[in-house]
Amino acid sequence: MASSGATLWVVATPIGNLEDFSPRAREVLQSVALIAAEDTRHSRRLTGHLGIATPLVSLHEHNEIARTREIVERLAAGDSVAVISDAGTPLISDPGYQLVSAVRAAGYAVLTVPGPCAAIAALSVAGLPTDRFAFEGFLPAKAGPRRQRLANLYDETRTLVCYESSHRIAATAADLAAVFGERIVVVARELTKLHEQSASMAASALPDWLAADGNRRRGEFVLVIAGAPTPPAPGSDVSLDALLAELLPLAGTKKAATIAARLTGVARNTAYDRALALAD
Ligand code: SAM
């Protein structure tokens, strides 16, 4: 167990605008013996710009376990170390989890210098409920698993936050439109940068919005998706059968069951079974 004052500092860096780098982040990066960075060449530009001369070592998904051992040894020798990522808060869709977990287990202090995080920045400007939200990170890269993931999230009542790259934004937009339809999506791109933009629309409108201007598909994206409406408590006054009786002549069994489940608060499967029985 550790007894020295050696500390692992988890330091957030800007997501675009260098002016967002905090004075305390600078002080900490200057004072530690070593900075573990995702891409040392990328981070050297930042430390060079700020006049920070602390040595950098790489810490990325392919060397995190080996590097963690070395960093724990440095802490054991009494050195403090900082971890940063290419942009934003380390560990948030970025390396650092293995390191922080191992350093804590070894009994050393882990302290934060909080700062920019694209997910929180997007959520704070999206105008969607923020009291409860679910961060989904990057959606699966392949179409099938991505659609499945989105379908699984359809009933989630919390606001959803996802990261996306310019390579996949158009494909993901098509899937969002197919799964979420009229649900509101806020697309937040290039936050804190020159071409920062955040636009709110129905998911079904997102593919056309992106197609209308090539610039809208450029840069880095956060997608903030409105949660499903909260269903009333089960056992509320609305009768499932009465509702289905009204809906079935107007919509297919599946759609009628989905709407009735939402309005009555019963499980979708239960409503579907009942709809099938009534349709018979
Ligand atoms: N650790 C970072 C954070 O705290 O936000 C996230 C790193 S993750 C590898 C990179 C993704 O974050 C990008 O693909 C994009 O989805 C999102 N992102 C990063 N910077 C952004 C920005 N300035 N505007 C919008 N999204 C951004």
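The values are calculated or read from the model by the stated rules, or taken from the named source; none is laboratory data. Being a predicted model, the structure only gives us computed values, none of them experimental. Reconstructed Cβ throughout: ideal geometry from the backbone, glycine too, with neighbour counts over all protein chains shown.
Considering every residue within the range 223-243, establish whether at least one is within 13 Å of the ligand (Cβ to nearest atom) and under 22 Å from the mean Cα position of the chain (by Cα). Yes: the range 223-243 contains one or more residues that are within 13 Å of the ligand (Cβ to nearest atom) and under 22 Å from the mean Cα position of the chain (by Cα). No other residue among Glu70, Glu61 is exposed (fewer than 13 other Cβ atoms within 10 Å of the Cβ), of a type in the set (D, E, K, R) and on the phi < 0 side of the Ramachandran plot apart from Glu61.
Determine, yes or no, whether Thr270 is surrounded by 19 or more Cβ atoms within 10 Å (Cβ to Cβ), among the polar types (S, T, N, Q) and not assigned by TED's automatic domain parsing to the domain that holds Leu176. Outline the logic, then answer.
Working: surrounded by 19 or more Cβ atoms within 10 Å (Cβ to Cβ): no; among the polar types (S, T, N, Q): yes; not assigned by TED's automatic domain parsing to the domain that holds Leu176: yes.
No: the conditions fail for Thr270.
Could you identify the single residue in Ser31, Ser80, Ser22, Ser85 that is surrounded by fewer than 21 Cβ atoms within 10 Å (Cβ to Cβ), within 16 Å of the ligand (Cβ to nearest atom) and not acidic (Asp, Glu)? Can you show your working first?
Numbers: Ser31 fails: within 16 Å of the ligand (Cβ to nearest atom); Ser80 fails: within 16 Å of the ligand (Cβ to nearest atom); Ser85 fails: surrounded by fewer than 21 Cβ atoms within 10 Å (Cβ to Cβ).
Checking each option against the conditions leaves just Ser22.
The requirement of being in a helix (DSSP H, G or I) and at pLDDT 90 or above is not satisfied by Arg262.
Residue pairs whose Cβ atoms lie under 9 Å apart, separated by 6 or more positions or on different chains, with the first residue in the range 134-145 and free of Cβ contacts under 8 Å to residues at least 60 places away in the same chain and the second within 11 Å of the ligand (Cβ to nearest atom) and of a type in the set (Asp, Glu), are Phe138/Glu164; Leu139/Glu164. Within the range 34-45, the set of residues being out of contact with any Leu (no Cβ under 7 Å at 6 or more places or on another chain) and within 14 Å of the ligand (Cβ to nearest atom) comprises Asp39, His42. Going by the structure shown, is Tyr154 more than 16 Å from the ligand (Cβ to nearest atom) and surrounded by 13 or more Cβ atoms within 10 Å (Cβ to Cβ)? It is true that Tyr154 is more than 16 Å from the ligand (Cβ to nearest atom) and surrounded by 13 or more Cβ atoms within 10 Å (Cβ to Cβ). Is the range 48-66 home to any residue that is farther than 23 Å from Tyr163 by Cβ, touching a residue at least 60 places away in the same chain (Cβ under 8 Å) and not aromatic (Phe, Trp, Tyr)? Looking through the range 48-66, none of the residues is farther than 23 Å from Tyr163 by Cβ, touching a residue at least 60 places away in the same chain (Cβ under 8 Å) and not aromatic (Phe, Trp, Tyr). When the residues of the range 93-125 are filtered to those that are hydroxyl-bearing (Ser, Thr, Tyr) and within 15 Å of the chain's Cα centre (by Cα), which remaining residue is farthest from the ligand (Cβ to nearest atom)? Only one residue tops the list, namely Ser124.
When the criteria are applied in full, Ala177 fails the requirement of being within 15 Å of the ligand (Cβ to nearest atom) and without any contact (Cβ under 8 Å) to a residue 60 or more places away in the chain. When Ser22, Ser85 are checked against the criterion of being among the hydroxyl-bearing types (Ser, Thr, Tyr), out of contact with any helix residue (DSSP H, G or I) (no Cβ under 8 Å at 6 or more places or on another chain) and under 19 Å from Glu220 (Cβ atoms), Ser85 stands alone in meeting it.
Can you confirm whether Leu128 is more than 15 Å from the ligand (Cβ to nearest atom), closer than 20 Å to Thr192 by Cβ and in contact with a Ser or Thr (Cβ under 7 Å, 6 or more places away or on another chain)? Yes; evaluated as a whole, the condition is true for this residue.
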